[in-house]
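Take a look at the structure set out below.
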Amino acid sequence: MKINREFWYRRSLWMPGWGELSLSALLIGLFSGLVLIPFFNTPQAPFESVTRLVSSGFFGSWLYQVHALSGDVFLITMILHGLEYLDKKSYRDYQFKAWLLLILLGVAGLWLVFSGFLSRGSLESESAIYILHGIFGQMPGIGLLLSHMLLGSDGQNAVVTVIYQHHAASLTILTLILTFVHIQRLKAERYTFYYTLAVITVLSLILPPDIGRMPGSPAFHIAGPWYFIGLQEMLVWLPVWFSGLFIPLAAIILLLLLQYFPDFERVWLRLLILLALFYLAETFTGFFLRGADWPILMR
């Protein structure tokens with residue numbers, strides 16, 4: 001049976017393009033995040049701020065969930081849009097500088113969403129921050145500097161404050177600038193924006209908000225967001241430098257090589273596919289096959 005690959009990308013009457021969906025989700029996350037800023041008290045008690053907001057009533061809980069889901073939708077549609085570029089070989093139409101900025105947009109977008117998760121100050125967030133400090137510690141030369149710049153260093157609440165400032169300001173601004181450089185506008189199509197808003201609204205009414213567990217509470221299995229579980233699984237049995245540094249950098253370098261050495265395009269694409277399949281397998285293992293105290297359930 002032949003799969004119609006174009007089905008995933010074409011614009012239909014009911015399904016907008018992945019790029020427009022991604023932009024719409026980014027704008028919804030921006031607007032909802034601006035409304036949430038006065039409710040978030042990072043220096044004293046970040047997790048208590050989130051808990052108080054979610055338990056304050058329907059509006060607080062719904063608004064928090066809209067913001068959280070807009071980040072997930074933005075990341076998912078951005079990944080699908082990137083896969084569309086690779087499948088259609090759209091990168092051939094870019095100059096190297098433009099392609100580099102587009103890759104930076106993907107990195108900034110991922111870090112923007114992830115920093116929102118880290119900012120809530122939950123037990124899961126603390127665990128992820130600890131993992132990131134360990135990964136940066138394996139980077140020679142600039143690792144400590146990057147750790148201080150992106151994560152902070154003076155106490156847990158101070159660390160969350162630094163991360164939240166990046167999430168609410170620097171990373172948001174950087175992502176918007178790179179998005180504008182990519183598409184020369186920051187206004188989504190009206191239909192796509194309403195479509196994305198409707199999907200996120202429905203999901204926010206169906207799915208309960210997930211704020212994680214209170215810091216310091218006992219737990220054997222601390223899982224991060226869906227896009228981080230694969231890294232957590234790799235860290236169980238692979239060295240930190242390999243899983244936390246080599247694999248992400250390898251993916252970025254392979255994307256750059258598509259433009260810099262186009263004669264070996266098929267080789268780079270196959271290596272990218274292998275990396276993606278490996279990470280998906282690790283994510284599946286960490287999400288479905290790990291028990292409460294982190295054993296493999298099939299054993």
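Would you confirm whether or not segment 111-131 contains a residue that is surrounded by fewer than 16 Cβ atoms within 10 Å (Cβ to Cβ), at pLDDT 90 or above and under 28 Å from L256 (Cα atoms)? Looking for residues that are surrounded by fewer than 16 Cβ atoms within 10 Å (Cβ to Cβ), at pLDDT 90 or above and under 28 Å from L256 (Cα atoms), one finds none in segment 111-131, hence no.
Checking L69 against (1) of a type in the set (A, V, I, L, M); (2) surrounded by 14 or more Cβ atoms within 10 Å (Cβ to Cβ); (3) modelled with pLDDT under 90, only one condition comes out false. Which one? It fails just one condition, (3). Within segment 73-95, the residues that satisfy the criterion of being touching a residue at least 60 places away in the same chain (Cβ under 8 Å) and among the acidic types (D, E) are E84, D87. Evaluate segment 235-248: report whether one residue or more is in contact with a Pro (Cβ under 7 Å, 6 or more places away or on another chain) and either of a type outside the set (S, T, Y) or in the same structural domain as L150 (by TED's automatic domain parsing) (or both). No: segment 235-248 contains no residue that is in contact with a Pro (Cβ under 7 Å, 6 or more places away or on another chain) and either of a type outside the set (S, T, Y) or in the same structural domain as L150 (by TED's automatic domain parsing) (or both).
Within segment 183-206, residues that are more than 10 Å from E20 (Cα to Cα) and without any contact (Cβ under 8 Å) to a residue 12 or more places away in the chain reach partners that are polar (S, T, N, Q) and surrounded by 13 or more Cβ atoms within 10 Å (Cβ to Cβ) with beta carbons closer than 9 Å, at six or more positions or on different chains, in the pairs R185/T179; Y194/S24.
Residue pairs whose Cβ atoms lie under 9 Å apart, sitting 6 or more positions apart in sequence or on different chains, and linking a residue in segment 207-218 that is on the phi < 0 side of the Ramachandran plot to a partner that is part of a loop (DSSP other than H, G, I, E, B), are I211/R120; I211/S122; R213/S122; R213/A219; R213/I222; M214/S122; P215/G121; P215/S122.
For beta carbons closer than 7 Å, sequence separation of 6+ or different chains, a first residue in segment 240-251 that is under 11 Å from G137 (Cα atoms) and a second that is in a helix (DSSP H, G or I) and not hydrophobic (A, V, I, L, M, F, W, C), the qualifying pairs are V240/G134. Only one entry of Y227, Y191 meets the criterion of being of a type outside the set (D, E, K, R) and part of a loop (DSSP other than H, G, I, E, B), and that entry is Y227.
None of Y91, Y130 is more than 18 Å from the chain's Cα centre (by Cα) and in a helix (DSSP H, G or I) except Y91. Checking each residue in segment 160-192 for being buried (at least 20 other Cβ atoms within 10 Å of the Cβ) and either on the phi > 0 side of the Ramachandran plot or in contact with a helix residue (DSSP H, G or I) (Cβ under 6 Å, 6 or more places away or on another chain) (or both) picks out V160, I163, Y164, H166, H167, L171, T175, A188, T192.
The values are calculated or read from the model by the stated rules, or taken from the named source; none is laboratory data. Small disclaimer: the values here were computed from a predicted structure and weren't measured. Every residue, glycine among them, receives a Cβ derived from its backbone with ideal geometry; neighbour counts consider all protein chains shown.
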